[in-house]
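Scroll down for the structure; my scribbles are underneath it.
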Amino acid sequence: MDVKIVEELSKMLAERKVVTEEEVRRKAIRCALKVLGSELVDADIGLIEDVACSLIDCPISLKSLHFSEKVKIGDISFYHLHTEKPEREDFEEAYEEYLNSKAYFDSLEAMQKTTDRFFEGYEARGNYMRVYSRDNKSYYVFYSTISDVYEDVEEHLRMVGQVDGEYVVVVPTEKELNPFLKFFKRYSEDAKRAELKIWVVNPDAQTIDPFIGYPRDFRLLKGFKNPKAAALVSTYWRVDVRELD
């Protein structure tokens with residue numbers, strides 16, 4: 001199964017000349033979801049490291065990209081294809097992705113701790129995706145960023161129908177509202193119709209609020225910092241997103 005994830009990741013990075021390990025790992029998680037679906041819950045914790053290693057150190061597929069050449073700039077290690085001569089803009093793009101990836105991994109533990117507390121009393125299982133179960137109710141929780149959810153929205157909509165329970169994507173807060181407005185404008189209605197839930201964690205405060213969708217277990221509502229957040233977003237942002245047309 002690692003090979004399929006590696007090949008999917010190679011497709012995702014096909015246009016890239018320079019990457020960092022952080023970017024490769026973040027995108028490997030996204031590709032693992034696409035390949036494994038709900039089975040990602042039971043994936044070994046070392047899966048993503050193995051996939052990342054295959055693109056940088058030890059290819060396990062002939063269809064795998066191999067970013068074999070290392071360039072260290074400050075404290076950041078960049079990797080590029082042996083067959084390519086990267087330009088400045090390639091490193092700039094890789095650096096931007098590095099910052100996005102570092103922010104994601106810096107917030108991942110806080111997101112996991114917050115959902116563990118939110119689902120207190122539920123049995124928890126999984127690493128890259130967690131399933132919380134109680135009284136025949138199950139919540140499958142995947143951790144991402146709102147920008148990545150925008151790119152992977154079709155996959156997340158598919159996951160709603162695949163899991164045996166409710167499907168939630170948890171994302172961290174952003175410095176600006178634009179990524180959330182962009183998603184709301186383009187995909188909020190699709191998400192609501194499919195019952196895709198997207199909740200937002202403040203990694204510093206370790207609080208959680210609904211962005212789109214509520215849990216069917218209404219006992220969970222008390223775990224949100226602002227239980228009415230999704231309704232307020234739907235009411236007030238509708239005006240804002242129309243102004244972006």
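What follows is calculated from the coordinates using simple rules that are stated; it is not laboratory data. Just so it is clear, the model here is predicted, and its values are computed rather than measured. Cβ placement follows ideal geometry from the backbone for every residue including glycine, while neighbour counts extend to all protein chains displayed.
Please give the length that would be gained between GLU69 and PHE105 if that part of the chain were fully extended, namely 0.36 nm times their separation in residues minus their C-alpha to C-alpha distance (nm, one decimal).
10.6 nm
Express the Stokes-Einstein translational diffusion coefficient of the stretch 109-243 in µm² s⁻¹, to the nearest whole number, given a Kirkwood radius over alpha-carbon pairs, 37 °C and a viscosity of 0.692 mPa s.
Rounded to a whole number, D works out at 219 µm²/s.
Which entries in the list LYS70/LYS182; LYS137/LYS175; LYS102/LYS225; LYS34/LYS197 go over 28 Å, if you measure between the two C-alpha atoms of each?
Listed pairs above 28 Å: LYS70/LYS182; LYS137/LYS175.
Please arrange LEU99, LEU47 by how many other C-beta atoms lie within 10 Å of their C-beta, fewest to most.
The order, fewest Cβ neighbours first, is LEU99, LEU47.
FRET efficiency for GLU87 and GLU49, Cβ-Cβ distance as r, R0 = 25 Å, nearest 0.05?
Efficiency computed from Cβ-Cβ geometry: 0.25.
Could you work out the relative contact order of the stretch 1-115? I mean the mean sequence separation of Cα pairs under 8 Å and 6+ apart, divided by the number of residues, in percent.
Computed over the stretch 1-115, the figure is 33 percent.
When a footprinting reagent is the concern and you count Cβ atoms within 10 Å, what order do ASP57, ASP50 take, fewest first?
Neighbour counts put them in this order, fewest first: ASP57, ASP50.
Can you give the FRET efficiency to the nearest 0.05 for SER77 and GLU39, using r as the Cβ-Cβ distance and R₀ = 22 Å?
Rounded to the nearest 0.05, the efficiency is 0.10.
Over the stretch 180-219, what is the relative contact order in whole percent, taking alpha-carbon pairs under 8 Å and six or more residues apart?
Relative contact order for the stretch 180-219 comes out at 33 percent.
Measuring from label point to label point, each 7 Å out along Cα→Cβ, what is the LYS11 to LYS192 span in nm?
Using points 7 Å along Cα→Cβ, the separation is 3.2 nm.
For the chain, find the longest principal axis of its Cα atoms and tell me its angle to the long axis of helix 178-194, 0 to 90°, nearest 10.
So the helix axis and the longest Cα principal axis differ by about 60 degrees.
So how long is each side of the chain along the principal axes, counting just the alpha-carbon atoms, biggest first, in Å?
54, 42, 30
So how do CYS58, CYS53, CYS31 line up by other beta-carbon neighbours within 10 Å, fewest first?
Ranking CYS58, CYS53, CYS31 by Cβ neighbours within 10 Å, fewest first, gives CYS58, CYS53, CYS31.
Counting alpha carbon pairs within less than 8 Å and at least 6 residues apart, what relative contact order, in whole percent, applies to the chain?
Across the chain, relative contact order equals 15 percent.
From the phi angles alone, apply the Karplus equation (6.51, -1.76, 1.60; θ = phi - 60°) to the stretch 119-131 and give each ³J(HN,Hα) in whole Hz, x where the residue is Gly or Pro.
Coupling constants for the stretch 119-131: 9, 4, x, 8, 7, 10, 8, x, 10, 6, 10, 10, 10 Hz.
Given 0.36 nm per residue, what is the gain on full extension from LYS182 to GLU120 after removing their alpha carbon distance, in nm?
Using 0.36 nm per residue and subtracting the Cα-Cα distance, I get 19.1 nm.
Of ILE48, SER107, PHE67, whose Cα points farthest to the positive end of the dipole of the stretch 2-107 (charges on the beta-carbon: +1 Lys, Arg; -1 Asp, Glu; origin at the Cα centre)?
Value computed over the given set: PHE67.
Roughly how far apart, in whole Å, are the Cα centres of the stretch 162-204 and the stretch 28-61?
23 Å
Leaving out same-chain residues fewer than 8 places away, which aspartates and glutamates sit with a Cα under 13 Å from that of LYS185?
ASP240, GLU243, ASP245
Per 0.36 nm of contour for each residue apart, how much would the distance between LYS137 and ARG216 grow if the chain were fully extended, relative to their Cα-Cα spacing?
So the chain would gain 27.5 nm between LYS137 and ARG216.
At each listed q (0.10 Å⁻¹), what is the log10 of I(q)/I(0) that the Debye formula gives for the stretch 2-107 modelled as equal alpha-carbon point scatterers?
-0.26
Can you work out the FRET efficiency for the pair ASP57 and VAL3, with r the C-beta to C-beta distance and R0 = 22 Å, to the nearest 0.05?
With R0 = 22 Å, the Cβ-Cβ based efficiency is 0.90.
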